[in-house]
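The values are calculated or read from the model by the stated rules, or taken from the named source; none is laboratory data. Treat the numbers as computed from the prediction; the structure is a model and nothing was measured. Neighbour counts run over all protein chains shown; Cβ positions are idealised from the backbone, glycine included. Side chains included, ligands, DNA and RNA excluded: accessible areas come from the protein's heavy atoms. Shrake-Rupley method; radii C 1.70, N 1.55, O 1.52, S 1.80 Å.
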Amino acid sequence: MSYYQLYSNYRRDVFFCYTEKNTFNHYDLEEGIVYSLDKKLHYSIDKLDSYLNECDILPTIGGLLVSLKFKKLVERLGSNCQFIPAVITSTKSGESNETFFVMNVLNLVPCLDMENSEYKPLLKSLPDGPIKLLTIKYVPHSLEGHHIVRMKEYTGNIIVDDVFIKACKVQRIKGVMFVKEGSTQRPEFVEI
């Protein structure tokens, strides 16, 4: 079984940004911490593109924004993810879109092969602190029982397996890319 990193592929080079309206710390959405509030989460973008609802995953700062179609796919696979309703607002027009969900991946799985991966400290002054991944290799069979997880060693990375990719192909999920293990400087992508 092969593993891949999940990425979004949006037509414009933009990010949907987690806003200050939210009281929940957006870093907690990258740590597998359960969102316990009963409020929608707010994101902003300069403008709402006409093709926005054609995408099933959006590039974000904060937890990933996914469509209802993507949410249902993940739920069918039985993965441990929480989905929080989201409001995306245009900073130019004030228009909003409430059709997306924030996907909070709760499974933190140690899957990075530390011996065969290449990495260095993100900051030279903190050699035991956060790392920068240069080459990624995964521990074989580390996702057993899961199709989508958050990498424990680098919690910003969401890792999926072949079953997940096949399900995305069958469901014709749009706006998603999968990166093969290997160099982060020259990544190889899986076409769907």
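Things worth noting here:
- The stretch 1-46, subset free of Cβ contacts under 8 Å to residues at least 40 places away in the same chain, out of contact with any strand residue (DSSP E or B) (no Cβ under 9 Å at 6 or more places or on another chain) and open to solvent by 90 Å² or more (accessible area, probe 1.4 Å), residue nearest to Val179 (Cα to Cα): Asp13
- Any hit, the stretch 166-185, residues being without any contact (Cβ under 8 Å) to a residue 40 or more places away in the chain and assigned to a loop (DSSP other than H, G, I, E, B): yes
- Selection count, the stretch 101-134, where residues are touching a Phe, Trp or Tyr at 6+ places or on another chain (Cβ under 8 Å) and either over 21 Å from Ser50 (Cα atoms) or of a type outside the set (A, V, I, L, M) (or both): 10
- Considering the stretch 113-141, and only residues there that are open to solvent by 40 Å² or more (accessible area, probe 1.4 Å) and of a type in the set (S, T, N, Q), the residue that is farthest from Lys166 (Cα to Cα) turns out to be Ser125.
- Ser67 vs. criteria crowded, with 16+ Cβ neighbours inside 10 Å, over 12 Å from the mean Cα position of the chain (by Cα) and closer than 27 Å to Glu191 by Cβ: yes
- Among the criteria (1) at pLDDT below 95; (2) under 24 Å from Leu133 (Cβ atoms); (3) surrounded by fewer than 17 Cβ atoms within 10 Å (Cβ to Cβ), the one Pro110 does not fulfil is (1).
- Figure legend. Inter-residue proximity from the stretch 111-137: first residues over 18 Å from Val149 (Cβ atoms) and charged (D, E, K, R), second residues modelled with pLDDT of 85 or more and exposed (fewer than 12 other Cβ atoms within 10 Å of the Cβ), beta-carbon distance below 6 Å, spacing 6+ or different chains. Indicated pairs: Lys132/Lys120.
- The residues in the stretch 142-165 that are open to solvent by less than 80 Å² (accessible area, probe 1.4 Å) and either part of a strand (DSSP E or B) or among the charged types (D, E, K, R) (or both) can be counted, and the count is 10.
- Qualifying residue in the stretch 79-92 (condition: out of contact with any Lys or Arg (no Cβ under 9 Å at 6 or more places or on another chain), outside any strand (DSSP E or B) and crowded, with 19+ Cβ neighbours inside 10 Å): yes
- All of Ile173, Ile192, Ile148, Ile131 fail the test of being touching a helix residue (DSSP H, G or I) at 6+ places or on another chain (Cβ under 8 Å), modelled with pLDDT under 90 and of a type in the set (A, V, I, L, M, F, W, C), apart from Ile192.
- Some residue of the stretch 47-54 being within 11 Å of Val102 (Cβ to Cβ) and either open to solvent by 30 Å² or more (accessible area, probe 1.4 Å) or of a type in the set (A, V, I, L, M, F, W, C) (or both): no
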